[in-house]
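Student: Take this structure, written in structure tokens, and hold onto it; I'll ask about it next.
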Amino acid sequence: MSVRRGEEVLRVEGVSLPVQALLGALSRVSGAFRATDAVAPAIDLPPPPRPLQAATSVQMLVALAATEPPRERRGRAVVAVDRGVSLLERLHAATLAGPVPSALLADLAEWADHFVPPDDPQAAAIARDVEVRVRVELARHERIA
């Protein structure tokens with residue numbers, strides 16, 4: 001298909017029939033019409049968004065740290081409880097081997113002193129069970145010693 005445009009002839013191939021009809025009609029339009037004659041309606045566009053500012057205040061950083069995702073919070077709680085369980089396992093192995101080292105009892109006492117139950121009710125129940133067992137073992141070894 002070829003379209004005449006002033007002195008130029010544009011040759012276009014592989015164009016669908018409806019597009020050919022439209023292009024053919026455009027070539028017959030009088031030269032009096034120009035796109036510059038049409039006035040575009042005025043549109044109020046919103047201002048472009050401002051770029052994000054970097055967090056610079058200490059309060060903002062503290063607030064972001066306080067909004068720690070629950071998965072990370074649970075992960076930290078699991079690590080703390082797992083430490084208590086591993087201390088209990090070491091205590092059990094030491095008890096079977098002979099006298100319990102005082103450093104192990106000091107580690108158990110330190111874990112029990114710094115124990116903070118997690119916010120999650122299910123994890124808190126398990127953590128409290130571990131804490132009770134640690135405290136029972138500490139009481140038992142203090143009586144033996």
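Student: Restricting attention to the stretch 111-121, which residues are open to solvent by less than 90 Å² (accessible area, probe 1.4 Å) and modelled with pLDDT of 90 or more?
Tutor: Within the stretch 111-121, W111, A112 meet the criteria.
Student: Do we find a residue being exposed (fewer than 11 other Cβ atoms within 10 Å of the Cβ) and within 36 Å of the chain's Cα centre (by Cα) anywhere in the stretch 96-105?
Tutor: No - not one qualifying residue is present in the stretch 96-105.
Student: Name the residue that is modelled with the lowest pLDDT, counting only residues in the stretch 48-66 that are open to solvent by 100 Å² or more (accessible area, probe 1.4 Å) and under 20 Å from the mean Cα position of the chain (by Cα).
Tutor: Q53
Student: What are the residues in the stretch 122-143 that are closer than 23 Å to G75 by Cβ, touching a residue at least 12 places away in the same chain (Cβ under 8 Å), charged (D, E, K, R) and open to solvent by 50 Å² or more (accessible area, probe 1.4 Å), if any?
Tutor: R133
Student: How about the stretch 67-86: which of its residues are without any contact (Cβ under 8 Å) to a residue 12 or more places away in the chain, open to solvent by less than 50 Å² (accessible area, probe 1.4 Å) and not charged (D, E, K, R)?
Tutor: Matches in the stretch 67-86: G75, S86.
The values are calculated or read from the model by the stated rules, or taken from the named source; none is laboratory data. Small disclaimer: the values here were computed from a predicted structure and weren't measured. FYI the Cβ positions are ideal-geometry reconstructions off the backbone, even for glycines, and counts take in every protein chain you see. Each accessible area value is taken on the protein alone, full model and side chains, heavy atoms only, with ligands, DNA and RNA left out. Shrake-Rupley method; radii C 1.70, N 1.55, O 1.52, S 1.80 Å.
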